[in-house]
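Every number here is computed from the coordinates shown, using simple stated rules; none is lab data. Owing to the predicted nature of the structure, the values given are computational and were not obtained by experimental measurement. Neighbour counts are summed over all protein chains in view; Cβ atoms, including those assigned to glycine, are modelled from backbone coordinates with ideal geometry.
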Amino acid sequence: MAELSVRDLTVEYSSGGYMARPIDGLDLDVSPGELVLLLGASGSGKTTLLSVLARILTPKTGTVRLGDTVVSELEGPALVHYRRHTVGIVFQAFNLVPSLSAAENVQVPLRLAGARAGPARARTEELLGRMGLQDRMRHRPGDLSGGQQQRVAIARALAHEPVLVLADEPTAHLDYIQVEGVLRLLREVAGGGRIVVVASHDERMLPLADRIVELTPRRSPAEVAVPPRLQVAPGQEVFAQGDAGDFVYVVEEGEVDLVRVRFDGGDELVARMEPGRYFGELAPLFGLRRSATARAATAAVVQGLTVAEFRRRTGEGGVRQALAGGQG
Amino acid sequence: MIGLPVDARGWPLPGEGRRPAQAGETVADAALALDVGDEVSVGGQRLQVVGVASGISYYFGAPTFFVPLADAQAIAFAEPLAMSVATEGVPQSVPPGFQVLSPEQVEADLARILEGGTQTIGVLNGLLLLMAAGIIASIVYLSALERGRDFAVLKATGASNRALFAGLAAQAVILSLVAAVAGAVLARFALTPLIPFGADVTTSSFLTLGVTALAVGLLASLAGLRRAIAVDPAQAFRAA
């Protein structure tokens, strides 16, 4: 079975014309039979990473390798072959084709992989039987419960026996009884020597994982403990768009520009911060990445503040003000 | 009004009644809504309807009377004249001023009068075909618009553009052929009897319809394919 190796992976895309970089220099190694849990808040890059592993999204830099295949460089027929034979995907919200029955949905990847009708039917019956859906095969997705649809989606992802299974929020939309069944199924899938990568913000999945990849940007406690006081020269950056949000800053001397990097390469001035103004509140307050770059317009001195200190200084009004007009 | 010798060929077969046996009798077109036994006045001449026949209208619905030749001559010319003479066999010589026409030439001569009507039907035919193509293309395109997420899932699963085109083409061709068959059945059994003159949809028309439906279906599926190709497979990862 093949190993999955991700090296120095960076993904950028346009978000409303601005550049977003949800994944920046990620390294990851996964052995066959392992279940990896990508944990993080919405927007932290979990689904983006799954899209790159499925080779639906092309990374800006870095490589994804599965065994001998350099996934990140696949194109044309080799890419189609990879999607048809190597990867199985459990999509968020199931994404079954509503006009097809449960059995037909499972047969789609089999037929695309070149299986004949007879063997495809037999494999579908076997899989749906294993999922406890033998009496629901002819039902359309609209006639199935959420848990049943999720089991059909998992069966579809496994139908062509892929070595890499990707699951995006597989427990979303399910009640706790259905979640238990899905967790057991995912663990069983990885037991077959496959690599299973699950993206979720559901911490109930933690005990299930062999490895956890935390995608929400966080700094070490040592870094967080000491807010810096920075002297910056004109043009020097206090923080960059896409960085982890660690501190709130206040301008003590000089002026600081907040600029957004456009996807086409240019910069757009969002605001100029003068002495006494706070900036960079939202990212540390909500655990997000910086949505803008802070760059000194003149020689400046800025003081970093912890979120607690920022709250103490400004009260709840500071948070409300940050939401009304704050930047990254 | 068409006049024939009482014992000549060419009389229509009446659906009701009989053909005339003597002067003063007529076979009337069913489109005139007359009954056997009714009396009508044609050019001042009283005629008794002894038979009613269907399918004898001329020029998309002009109703006709078939009357004995002498009555027709009296009504139209007031003297024993004839516009044409039908013969069995081909005459070797004809009197000066006469011209011999074969049955095909007679047919072509009559069709000349129908040319305007035939062209109108051709134009209508073309317009209806365009409408049908537009409707089928719209259905396929709208259905492709609704199924953006399905296409994304299929692409993420490894479906090629060719496979998507095959699916869309199958849908459009089946739709077109079903519409063509429904149209043919309607034309043959439901609509033709409602038309107030003899209308015949030929076998070649049905064949043309089938081939056209196939072509329209394939062209219509191109509209849907454009949409399917544009779908980003990454959409499959987005929540509903």
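Please report, in debye to the nearest 20, how large the charge dipole of segment B:141-240 is about its Cα centre when each Lys and Arg carries +1 at its beta carbon and each Asp and Glu carries -1 there.
Working: 8 positive and 4 negative charges, 70 e Å.
Its charge dipole is roughly 340 debye.
Think of chain A as a dipole: +1 on every Lys or Arg Cβ, -1 on every Asp or Glu Cβ, centred on the Cα centre; then among A:Q148, A:G16, A:T314, A:Q148 lies furthest on the positive end. Dipole magnitude for segment A:221-325: about 280 debye, using +1 per Lys or Arg Cβ and -1 per Asp or Glu Cβ, origin at the Cα centre.
Other residues within the sphere of radius under 14 Å centred on the Cβ of A:P234, judged by their own Cβ, net out at -2 (K and R +1, D and E -1). Across segment A:241-247, coupling constants 3J(HN,Hα) worked out from phi with the 6.51/-1.76/1.60 Karplus curve, θ = phi - 60°, read 3, x, 5, 5, x, 9, 10 Hz, and Gly and Pro carry x. Taking the number of Cβ atoms within 10 Å of each Cβ as an exposure proxy, the fewest-first ranking of A:T61, A:T124 is A:T61, A:T124. Computed 3J(HN,Hα) for segment B:83-98, one whole-Hz value per residue from the Karplus formula 6.51 cos²θ - 1.76 cosθ + 1.60 where θ = phi - 60°, is 8, 8, 10, 8, 10, 9, x, 9, x, 6, 9, 10, x, x, x, 8, glycine and proline marked x. With the convex hull of its Cα atoms as the shape, the protein assembly as shown has an orientation-averaged projected area of 45.5 nm². Taking Cα centre as origin and charging only the Cβ of basic (Lys, Arg, +1) and acidic (Asp, Glu, -1) residues, the dipole magnitude of chain A rounds to 900 debye. Annotation: amide H-H contacts under 5 Å for A:E34 (H modelled 1.01 Å from N, sequence separation of 5 or more, or interchain): A:V196. Of the complete DSSP H runs in chain A, those spanning 15 angstrom or more by Cα along the long axis with a mean Kyte-Doolittle score not below 0.0 are A:102-112, A:176-191. Residue by residue, segment B:217-229 carries 3J(HN,Hα) couplings of x, 5, 5, 4, 5, 5, 4, x, 5, 4, 5, 4, 5 Hz when phi is fed to the Karplus relation 6.51 cos²θ - 1.76 cosθ + 1.60 (θ = phi - 60°); x denotes Gly or Pro. When DSSP beta bridges are restricted to pairs lying wholly in chain A, around 70% turn out antiparallel.
The mean sequence separation of alpha-carbon pairs under 8 Å and at least six residues apart, normalised by the residue count of segment B:19-152, gives a relative contact order of 18 percent. A:L206 versus B:V178, label points 7 Å from Cα toward the beta carbon: distance in nm? Taking the simple label geometry, A:L206 and B:V178 are separated by 5.4 nm.
Take every Cα-Cα pair in segment A:4-214 and report what % of them are more than 31 Å apart.
Working: 4021 of 22155 pairs.
The calculated P(r) of segment A:4-214 puts 18 percent of pairs beyond 31 Å.
Using the alpha carbons alone, the radius of gyration of chain B stands to its Kirkwood radius in an Rg to Rh ratio of 1.26.
Beta bridges from DSSP with both residues in the protein assembly as shown: antiparallel share about 65 percent, rounded to the nearest 5.
Placing unit charges on each Cβ (+1 for Lys and Arg, -1 for Asp and Glu) gives the protein assembly as shown a dipole about its Cα centre, and among A:L269, A:A240, B:S205 the Cα reaching farthest toward its positive end belongs to A:A240. For B:G55, the residues 5 or more places off, or on other chains, whose built amide H falls under 5 Å of its own are B:A30. Which residue, chosen from A:G118, A:A78, A:V226, occupies the Cα position most advanced towards the positive end of the dipole of chain A, where the dipole is computed from +1 (Lys, Arg) and -1 (Asp, Glu) charges on Cβ about the Cα centre? Value computed over the given set: A:G118.
Quick one: compute the contact order of segment B:139-240, relative version, from alpha carbon pairs under 8 angstrom and 6+ residues apart, as a percent.
Values: 86 pairs, mean separation 59.9, N = 102.
Over segment B:139-240, the number comes to 59 percent.
Amide hydrogen proximity for A:L215: with H placed 1.01 Å from N in the peptide plane, the residues at 5 or more positions away or on another chain lying under 5 Å are A:L39, A:G40.
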